[in-house]
1. Counting other Cβ atoms within 10 Å of each Cβ, which chymotrypsin sites (Phe, Trp or Tyr not before Pro) in the stretch 59-106 have at most 15 and sit in a DSSP loop?
2. Sequence-distant or interchain residues sharing an amide H contact under 5 Å with TYR62, placed H: which?
3. Trypsin sites (Lys or Arg not before Pro), restricted to the stretch 28-118: which are DSSP loop and have at most 15 other Cβ atoms within 10 Å?
4. Would you work out the Kirkwood radius for the stretch 44-87? I mean one over the mean of 1/r across all pairs of different Cα atoms, in Å.
5. Points 7 angstrom from Cα along the Cβ direction at LYS107 and ALA93: gap in nanometres?
6. Write down the radius of gyration of the stretch 33-115 and its Dmax, each obtained from C-alpha positions, in Å.
Amino acid sequence: MLLRTSVAAFAAAISLGLWSGASNTVLAHDIYSTLRDRDGHLCCGGQDCKPVEATVLPDGNYYLPASNEVIPADMASPSPDDRFHHCFYYPVANDYAPWGYPVWEDKPKTRCFFAPMHSS
C-alpha cells in the first residue's frame, strides 16, 4: 500500500512538473503574441520569435551572430523587456513542387526585430 501511494504521489509530482514547464513555455512566448512591427503588422506566428544576442554596429545597425545577419536600424522596434528579440519566417519560393505544393525557401527572413531603446 505504501509503495502504491508513493508511486501515485511521484507520478502526480512529475505530471505537475511537466505541466508547469509547458505552461511556462507558453507564457514566455505570450510576450510575442501582441507585438507588432513598425507598420502595425503582427510579428509572431506562434513559434517564430525568440530572444537573441545582438551587437550594435557603428552605423547603428544590428548584427545577429547566430544567423550572421545584419538588421537595419530602421527595422528595429522598441523591445518589450530591454532584450533583443528576433521574429522570422520562411517565405514561399516562386516555385512549386511537381505535386503542386509550394516550395519553402531554406533561409529564414526577418519579420520583426526588437531592440532595447538605449542600445543604438
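Since every read-out is calculated from the coordinates, none of them should be taken as a lab result. Only a predicted model underlies this, so the values are computations on that prediction, with no experimental measurement involved. Here the Cβ positions follow ideal geometry from the backbone for every residue, glycine too, while neighbour counts run over all protein chains shown.
1. Numbers: sites: TYR62, TYR63, PHE84, PHE88, TYR89, TYR96, TRP99, TRP104; in loops: PHE84, TRP99.
Within the stretch 59-106, the qualifying chymotrypsin sites (Phe, Trp or Tyr not before Pro) (loop, at most 15 other Cβ atoms within 10 Å) are TRP99.
2. Sorted by chain and number, the residues that satisfy this are LEU57, ILE71, ALA73.
3. Working: sites: ARG36, ARG38, ARG83, LYS109, ARG111; in loops: ARG38, ARG83.
Of the trypsin sites (Lys or Arg not before Pro), the ones in loops of the stretch 28-118 whose Cβ has at most 15 other Cβ atoms within 10 Å are ARG38, ARG83.
4. So the Kirkwood estimate lands at 11.0 Å.
5. With each label placed 7 Å out from Cα toward Cβ, I get 1.3 nm.
6. Final numbers for Rg and Dmax: 14.4, 48 Å.
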